[in-house]
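Where a number appears in this text, it was derived from the coordinates with a stated rule and is not lab data. Here the structure is a predicted model, which means the values were calculated and not measured. Note that each Cβ is placed from the backbone with ideal geometry, even for glycine, and that neighbours are counted across all protein chains shown.
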Amino acid sequence: MEGMPYFLEIFGRLPRAGPGSTESTRRAYGLLSGVPKAPRILDIGCGPGVQTVDLLKISGGTVLALDFLPLMLERTRSSAMQAGVSERLEVLEQDMREMDFPSDSFDIIWSEGAIYNLGFEEGLVRVRGYVKAGGYVAVSEAVWLKPDPPRPVVDFWAEYPEIDTVENKRAVIERLGYGLEGWFILPELDWTANYYEPMEKLLVQKSEEWKDIPEALAAIENARHEISLYRQHSDYYGYAFFVMRRAAACERM
């Protein structure tokens with residue numbers, strides 16, 4: 001993809017690589033019940049590891065953080081060390097499309113704003129075998145919040161045709177045999193204060209640094225367009241956090 005290095009330089013240097021917050025991570029984790037005292041957690045597409053560290057703190061368990069970018073794993077390690085939880089962190093540099101874990105490897109599988117790289121349905125199918133019977137899968141995913149979005153919004157989301165209503169996402173979850181424990185829409189602050197506002201500051205810096213590089217300026221313009229679109233039309237789309245449970249063994253018989 002043309003301009004990808006500049007795209008990664010922008011998104012790879014943000015506090016978070018997508019919408020989210022510690023509060024939303026904790027809220028989603030609070031929907032889990034009967035979790036082991038020290039659960040084994042897989043964090044798919046961990047990015048800079050903000051939620052990874054949160055999970056280490058909340059759960060008291062171990063987390064395997066998976067990402068294909070070395071920079072993200074370096075940041076995750078650094079954050080875990082600063083938080084004093086690095087002894088329970090493992091990292092794996094791997095494209096999520098290449099995941100191949102033994103069956104029933106994890107008590108919890110987590111993915112904030114990243115499962116779309118596999119596709120929502122395909123991702124849930126792929127990870128189902130990796131989570132133990134009675135274990136949990138928690139993902140945040142793009143959804144429509146109301147019908148008939150304007151053309152600029154439709155065009156922006158054309159690259160991810162699986163964006164859909166919460167109702168249709170819930171139907172996919174049910175059809176795949178998961179039990180939905182709960183869901184909620186990420187608040188606006190998860191997009192603005194924790195994602196777009198830091199991005200805007202970085203874009204100002206990069207605009208000067210990259211002023212003579214057309215591909216870099218195009219990446220900056222794309223990022224600014226994304227921010228502007230959300231500010232104008234955030235009532236049409238957002239992220240929903242879905243927390244679901246794989247049926248226990250006795251429930252599948």
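What do you get for GluC sites (Glu not before Pro) in the stretch 1-72 restricted to DSSP loop and a cutoff of at most 12 other Cβ within 10 Å of the site's Cβ? It would help to have the intermediate numbers written out before the result.
On the way: sites: 2, 9, 23; in loops: 2.
Answer by residue number: 2.
With runs of 4+ DSSP H residues as the only contributors, calculate the mean residue ellipticity of the chain at 222 nm using -39,500 (n - 2.57) per run, divided by the residue total and rounded to the nearest 500. Don't skip to the end; give the middle numbers.
On the way: 11 runs with 106 residues, N = 253.
Mean residue ellipticity, 222 nm, calculated: -12000 deg cm²/dmol.
Suppose we keep just the DSSP beta bridges with both residues in the chain; what percent of those would be antiparallel, to 5?
Values: 16 of 37 bridges.
In the chain, approximately 45 percent of DSSP beta bridges are antiparallel ones.
Express in whole angstrom the spacing between the alpha-carbon centres of the stretch 93-122 and the stretch 136-155.
Rounded to whole Å, the Cα centres lie 21 Å apart.
Under the definition of Cα pairs under 8 Å and six or more residues apart, what whole-number percent is the relative contact order of the stretch 1-101? Write out the running numbers ahead of the final one.
Working: 144 pairs, mean separation 24.6, N = 101.
Relative contact order here is 24 percent.
Short version: ³J(HN,Hα) in whole Hz for each residue of the stretch 173-187, in order, from phi by Karplus 6.51 cos²θ - 1.76 cosθ + 1.60 (θ = phi - 60°), x for Gly and Pro, what are they?
3J(HN,Hα) across the stretch 173-187, in whole Hz: 4, 5, 5, 7, x, 8, x, 7, 7, x, 7, 7, 8, 4, x.
Using the alpha-carbon atoms, what tilt in degrees (0 to 90, nearest 10) does helix 50-59 show relative to the longest principal axis of the chain?
Helix 50-59 and the main axis of the chain meet at about 20 degrees.
Which option, [x] 50, 44, 33; [y] 89, 33, 27; [z] 61, 45, 30, is the value of Cα extents along the principal axes in Å that was calculated from these coordinates?
[z]
Counting only trypsin sites (Lys or Arg not before Pro) that are in a DSSP loop and have at most 15 other C-beta atoms within 10 Å, tell me the longest site-free stretch of the chain.
Details: sites that count: 37, 211.
In the chain, the maximal stretch lacking such sites is 38-210.
Through the Karplus equation 6.51 cos²θ - 1.76 cosθ + 1.60, θ set to phi - 60°, convert the phi angles of the stretch 82-88 into ³J(HN,Hα) values in whole Hz; use x for Gly and Pro.
Per-residue couplings from phi come out as 5, 7, x, 10, 5, 5, 10 Hz.
In the stretch 1-88, with Lys and Arg counted as +1 and Asp and Glu as -1 at Cβ, which of these residues, 6, 85, 42, has the Cα nearest the positive end of the dipole, that is, farthest along it?
85
Any idea how far apart residue 165 and residue 184 come out in nm if each label point goes 7 Å out from Cα toward Cβ?
Simple spin-label model gives 2.4 nm for this pair.
Check residue 238: other-chain or 5+ apart residues with amide H under 5 Å from its amide H, H built from backbone geometry?
Correct list: 143, 145.
Rounded to the nearest 20 Debye, what is the dipole magnitude of the chain about its Cα centre when Lys and Arg each give +1 and Asp and Glu each give -1 at the C-beta?
Values: 27 positive and 39 negative charges, 198 e Å.
With only Lys, Arg, Asp and Glu charged at Cβ, the dipole is about 960 debye.
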